[in-house]
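I have placed the structure first, in the form of structure tokens, so that the comments after it can refer back to it.
Since every read-out is calculated from the coordinates, none of them should be taken as a lab result. What you are looking at is a predicted structure, and each value in this text was computed from that prediction instead of being measured. Using ideal geometry, Cβ is built from the backbone for each residue, glycine included, and neighbour counts are taken over all protein chains shown.
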Amino acid sequence: MKSNEIKTPDSSADFLRDREYICENLNFMAAEAYKMLRTNIGFSLASIKGCKTIGITSANGSEGKSLCAINLAYTLSLQGSKVLLIDGDLRLPTIAKRLGLNKAPGFSELLTGQTENVIQKTEFSPNFMVITSGSLPAHPSELLGDDKTTTILSSLGKMLDYIVIDLPPINEVSDARNISRALDGYVFVVKRGYSSRSLVKQAIERLRFTNTEILGFVLVDDDKDAVGKYGKYGKYGKYGKYGKYGKYGRGSKYGPGYGERAETERDPDDPEQD
């Protein structure tokens, strides 16, 4: 699948300001980029009958994967497909705030058997539904990797065409890999000038151990005024330095044992590194 370049705001922006980058508020070029992504995914998963389950992830945090997940789900729904977006980031969820939905009950309550009434409708399309994260569980990685999760997603898929799951970054926690058995493939989000090439390669190698297909890459850019381009992932060249992991890693408020804090890496091919 070819890569797409999509413009997103800085992930630290206020969620209300993010609304101009979501769904029907996208500008023409961004909307067309997501339609291209939709088409490429359709070709990549053409052999799969029934519901397609797609995980959206990235190497590191703050690369725009959540906005990508929202806009991909919305764009899929515009062609008449029944789409369910799930906030599978059970540590730092953002989808409820971005879409103005109730955070709980949500995915964690569904997985723990507390309730089945977790699907919320959106204002954007009757075919676009959402399950928010729910309450933050004690052991999200184990919860996502449980066989029950695969069974629940399979059951949900009987009435859907697509399930899109926003997942934590690969290099920071194991959650996205643990749920791989329930996925038909990953879409990998890379933010221009943010992650070093070595960290991206590290994340890809970790995904390969799951034996789940990487459907393709989405290159995102903070420059909302720039015109989008399309092309292969490799042609965009060097990626900048990435610092410490503050939210997911050890020493964060989420406690030791949840994260896999990676050290900042030096890319020998990148002359811009100190």
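For the range 62-76, the set of residues classified as among the small types (G, A, S) and buried (at least 24 other Cβ atoms within 10 Å of the Cβ) consists of G64, S66, A69, A73, listed by residue number. Selection of first residues in the range 150-178 that are more than 16 Å from T112 (Cβ to Cβ) and of second residues that are surrounded by 23 or more Cβ atoms within 10 Å (Cβ to Cβ) and of a type in the set (D, E, K, R), restricted to Cβ pairs under 6 Å at least 6 apart or on distinct chains, gives the following pairs, ordered by first then second residue: Y162/K52; D166/D87; D166/D89; P168/D89; P168/D175. Does the range 76-90 hold any residues that are in contact with a Lys or Arg (Cβ under 8 Å, 6 or more places away or on another chain) and either within 20 Å of N102 (Cβ to Cβ) or not in a loop (DSSP other than H, G, I, E, B) (or both), and which are they? Matches in the range 76-90: L76 only. Exactly one residue out of A182, A176 is in contact with a Leu (Cβ under 7 Å, 6 or more places away or on another chain), surrounded by fewer than 24 Cβ atoms within 10 Å (Cβ to Cβ) and closer than 24 Å to H139 by Cα: that is A182. Each residue in the range 113-150 was checked for being touching a helix residue (DSSP H, G or I) at 6+ places or on another chain (Cβ under 9 Å) and over 26 Å from C23 (Cα atoms), and 17 of them qualify. Mind checking whether some residue in the range 93-109 is surrounded by fewer than 24 Cβ atoms within 10 Å (Cβ to Cβ), part of a helix (DSSP H, G or I) and more than 18 Å from the chain's Cα centre (by Cα)? Within the range 93-109, one or more residues are surrounded by fewer than 24 Cβ atoms within 10 Å (Cβ to Cβ), part of a helix (DSSP H, G or I) and more than 18 Å from the chain's Cα centre (by Cα).
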